[in-house]
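Please read the structure below before turning to the comments.
The values are calculated or read from the model by the stated rules, or taken from the named source; none is laboratory data. Keep in mind that this is a model prediction, so the values were computed, not measured. Cβ sites come from the backbone with ideal geometry, for glycine too, and all protein chains shown count toward neighbours. When the accessible area is computed, the model is the full protein with side chains, heavy atoms only, and any ligands, DNA or RNA have been set aside. Shrake-Rupley method; radii C 1.70, N 1.55, O 1.52, S 1.80 Å.
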Amino acid sequence: QNIREDIINKGGEFHFDSKLTDISILDNKILGITINNQEKIAAENLILATGHSARNIYYLLREKNIKLEFKAFAIGVRVEHSQKLIDKIQYSKEDRGEFLPPSSYKLAHKTPSRGVYSFCMCPGGIIAPCATKQNEVVSNGWSPSKRNNKTANSGIVTEVTWGDLSEYHSHGAFAGLEFQKSIEQKCWAVSSNSQIMPAQRLKDFLTDTKSVDLPLTSYTPGIISAKLSELFPEFVINALKSGFKNFGKNMRGYITNDAIIHAPESRTSSPIRIPRNNDFQHIEIKGLYPCGEGAGYAGGIISAAIDGLNCVKALSSV
């Protein structure tokens, strides 16, 4: 709220309940935008910073014949351990005491064909549903400021490249997005068309065994036992297994059947790039500044913020 009020005091505006439904272009130049199919706003410049899950924007750009490109991304699962176990592993003591903060971790492993790494690790955190449409299941994680929940979670993801998606190549720039959707929709079907999330105990995942039972997790809609190998293609499963085994060597005790894998972690970054020149403008449309994660030029909060600053500097120098 304070940030919003500061922006308003400096001349900015906020339009709530407002959806970008059209972009007006003439002779490859931005003329303005339409909000909620009604309100027209004239503009010579448009910083398009809608985030990597605003899929309707990609479809709108395609309708306007604005060039898009496939972008490599990552997909995987979100694993949850007890925070006490992660503290014990990282601090090498049974109790971290009152002065040490809840511990985190950052892990990476390189298989012969691709990387596997932890993503958005949340100490004392919560796994949350983040679907953007009714027929999909998507996980994400977050930590409250005190990081005082009993569990720690992290995305564990692996790279997806153009070469992995031969059956989706007919979708062109949308190949990765369609692949994302297929995984999310499979998980939706397993959950009996709800936000209940497919899950598997970590050791069971490594042995490809369906978990007989599952403990409570921080994911409040609930979880359902499933073999995750039936939800992801083989190249994803093999990479994740290799990564987990390596992480277990680096963090003794990490591999435990008390740890629960939730699927999928599918929105790590945009599977589409909106191409731009060195001046941050789209390669074909003058005045269009693709920005941040949704444009394919950032992979997290900080990098998106920096890209936003760079876009504003580029625009102000025109």
Here are the criteria: (1) among the small types (Gly, Ala, Ser); (2) in a helix (DSSP H, G or I); (3) on the phi < 0 side of the Ramachandran plot; (4) over 17 Å from the mean Cα position of the chain (by Cα). Tell me which single one residue 172 does not satisfy. (3)
Does any residue of the stretch 175-188 turn out to be open to solvent by 40 Å² or more (accessible area, probe 1.4 Å) and part of a loop (DSSP other than H, G, I, E, B)? no
Considering residues of the stretch 72-103 that are out of contact with any Ser or Thr (no Cβ under 8 Å at 6 or more places or on another chain) and among the polar types (S, T, N, Q) only, the residue least open to solvent (accessible area, probe 1.4 Å): 103
Contacts under 7 angstrom Cβ, first residue in the stretch 112-128 being within 17 Å of residue 244 (Cβ to Cβ), partner open to solvent by 20 Å² or more (accessible area, probe 1.4 Å) and of a type in the set (Asp, Glu), 6 or more apart: 114/159; 115/159
Out of the residues in the stretch 258-294 meeting the condition of being out of contact with any His (no Cβ under 9 Å at 6 or more places or on another chain) and closer than 16 Å to residue 64 by Cβ, tell me which one is most open to solvent (accessible area, probe 1.4 Å). 286
Taking the stretch 191-242 and keeping residues crowded, with 21+ Cβ neighbours inside 10 Å and in a strand (DSSP E or B) leaves 197, 198, 199, 200, 201, 223
Listed by first then second residue, the pairs whose first member lies in the stretch 289-307 and is in contact (Cβ under 8 Å) with a residue 24 or more places away in the chain, whose partner is open to solvent by less than 10 Å² (accessible area, probe 1.4 Å) and among the polar types (S, T, N, Q), with beta carbons under 8 Å and at least 6 positions apart or on separate chains, are 293/270; 294/270; 295/270; 296/270; 299/268
Got a sec? Which strands (runs of 3 or more DSSP E) wholly within the stretch 1-76 have at least 2 residues that are over 26 Å from residue 269 (Cα atoms) and without any contact (Cβ under 8 Å) to a residue 60 or more places away in the chain? 20-26, 29-35, 39-42
